[in-house]
2 protein chains.
Amino acid sequence: MGAVSGPGTETPSRAAAGPKQARSRVTRRHLLEAAVSCLAEQGWAGSTVAVVAERAGVSRGAAQYHFPTREDLFTAAVAYVAEERSAALRELFHAGPAPRPAVVEALVDLYTGTLFRAALQLWVAASNEDQLRPQVTELEARVGRETHRIAVELLGADESAPGVRETVQGLLDMARGLGLANVLTDDTARRARVVAQWSRILDAALG
Amino acid sequence: MGAVSGPGTETPSRAAAGPKQARSRVTRRHLLEAAVSCLAEQGWAGSTVAVVAERAGVSRGAAQYHFPTREDLFTAAVAYVAEERSAALRELFHAGPAPRPAVVEALVDLYTGTLFRAALQLWVAASNEDQLRPQVTELEARVGRETHRIAVELLGADESAPGVRETVQGLLDMARGLGLANVLTDDTARRARVVAQWSRILDAALG
C-alpha cells in the first residue's frame, strides 16, 4: 500500500512508520542474534522464546509478534546468521581470485563458530522432534546449496568436469566433520594440519 | 578370589555364581543395547535410566546396580557398541588386504547407523552439560584413536611418510561429516557418489 500512495496521502502516523519499522527491524535482529547464542550455549532444551526475549531485552509479547512459534524463531535465527556468514565470505574474496588454501580455510571456518554450534543443536533436536524436522530439513538444504555455490565459485572449480561436483561436496562434508570434532575440545591445532594436507590434495584433484 | 580357590572350597553358593554372573552379563548387555537405541531415537533429553530399564525389561534397581548414574549408563553404552563395531570391522577384513574403495565405504558406514546417531546425541548434549562433558570427551578421544588405528591398518597407509597421518584423519573427518548429513534425510545416493570420488582421490594421495 505505502509504495503506491502519493505524497498527498502522507499523514502524521505514516510519517512515523519509517522509524517504527526501523525499530521493529532492530528488535527482530536482536532476537535473532540472541536466539543463535542461546541455542549454541544452552542447546534446544534450554532455548525458548521467553529465554531469548529476556536475553534480547525485548518483551515476550514483542518476541511472539515477530515469531509466533519457538520453531519459527530458531530456524529464522540460524537462517539469518548463515546468510550473514555467506555474505561475509563472498565479501572477503570480492577483491579477486584467492589462493585455494585460503579459500579452504575460510570454508572450514564456517563450521567452527557459534553459528555451527547453534545449527548443530537445531539439527540434532530436529532428528527427534517431528514438529521441528520439516523446517530444519528445508533450512539445511537451502544453506547447503548456498554454501556449495560459494565454494565452487571461490575455488574456481569447473563443475562440468566429471567428479568435480563430488570433490567440492566431499570437502564441505569434511569441513562439517571438522566442525563436529571442535564441539567438545579445541581442535584448532590438529584441524590446521588436516586442512593444510587436504588443501594440497584438493589442489591436485581440481587441477 | 574365585581364580585362586581350590576345588575343595566349592560351596552351593559358589556353584551358582557362574550362571548368576552370566545372567548379570546378559542384563548388562541388554541395558547397554537399549541405551544406545533410546539415545538414537529419543535424544539425551528423553533418555533416562528408568526409560532404558523399561526398554530392556530390567528393574530400575538392577539398572542402577550396573550403572550408578545416567552418565555412566549412556557413555558405557556408546563405548560398548563402538567396540562391537570396531571388532566387526577388523573381522570383515581379516581374510586379507581389501581394495581401498571397500575400506573407505566400510569406514564411512561407521558413521551412518544407530551408533553414530546415539554418539551424536551424547556429544551434543555434553557440549551443554558440565556433568556429562568429561566422560564424553574421554570416550570420543578413545574411540577416535581406535578408529584411526583401524583405518591406517585397513588402508595400508604408511604413517611414517609426511602428510599420511593427516590424510587419514581428514578422511575420518569427512566420514563424520557425511554421517551428520544423513541424520535428517536419507543421504545414501549422494554419499555413494562422494565416497566413490574421494576414494579415487585418496588412492592417488596414498600412492
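Position residue B:148: other-copy label points at 3.1 nm, ordered by increasing distance, label point 7 Å along Cα→C-beta. Axis of helix B:188-206 versus longest Cα principal axis of chain B: the two differ by about 70°, to the nearest ten degrees. Working note: 222 nm ellipticity from helices only, DSSP H runs with n ≥ 4, each -39,500 (n - 2.57), summed and divided by the residues of chain A, gives -24500 deg cm²/dmol to the nearest 500.
Round to the nearest 10 and give me the degree value, 0 to 90, for the angle of helix A:114-126's Cα axis relative to the longest principal axis of chain A. Rounded to the nearest ten degrees, it is 80. Sequence-distant contacts, meaning Cα pairs under 8 Å at least 6 residues apart, place the relative contact order of chain B at 22 percent. In whole angstrom, how far apart do the alpha carbon centroids of the stretch B:112-174 and the stretch A:145-199 sit? First find each Cα centre; the distance between them is then 18 Å. Largest first and in whole Å, the equivalent-ellipsoid semi-axes of chain B read 37, 23, 15, each the square root of five times a Cα gyration tensor eigenvalue.
Distance between the pseudo-spin-label points of residue B:65 and residue B:185 (7 Å out from Cα toward the beta carbon): 4.9 nm. The modelled label-to-label distance for the pair residue B:142/residue A:50, using points 7 Å beyond Cα in the direction of Cβ, is 4.0 nm. The stretch A:14-114 has equivalent-ellipsoid semi-axes of 31, 20, 8 Å, by the square roots of 5 times the alpha carbon gyration tensor eigenvalues, sorted largest first.
For the protein assembly as shown, the percent of C-alpha pairs falling in each 10 Å distance bin, counted from 0 to the bin holding the largest distance, reads 4, 19, 26, 23, 14, 8, 4, 2, 0, 0, 0, 0. With its label point put 7 Å out from Cα toward Cβ, residue B:161 sits 2.3 nm from the same residue's point in the other copies, in order from shortest. Scoring A:37-46, A:144-153, A:111-120, A:165-174 by mean Cβ neighbours within 10 Å over their residues and listing the highest first yields A:165-174, A:111-120, A:37-46, A:144-153. Mean-square fluctuations from a GNM of chain A, with a 10 angstrom spring cutoff on Cα atoms, peak among A:175, A:192, A:125 at A:192.
Using Cα pairs under 8 angstrom and six or more residues apart, how large is the relative contact order of the stretch B:110-207, in percent?
On the way: 36 pairs, mean separation 30.4, N = 98.
Contact order relative to length: 31 percent.
Shown for B:127, B:160, A:24: other C-beta atoms within 10 Å of each C-beta, ranked fewest to most, produce the order B:160, A:24, B:127. Once the label point is placed 7 Å from Cα along Cβ, list for residue A:193 the distances to the corresponding points in the other copies, in nm, shortest first. Going from nearest to farthest copy, the values are 3.4 nm.
Since every read-out is calculated from the coordinates, none of them should be taken as a lab result. The model shown is predicted, which means the values in this text are computed figures rather than measured ones. Ideal geometry is used to build each Cβ from the backbone, glycine not excepted, and the neighbour counts take in all protein chains shown.
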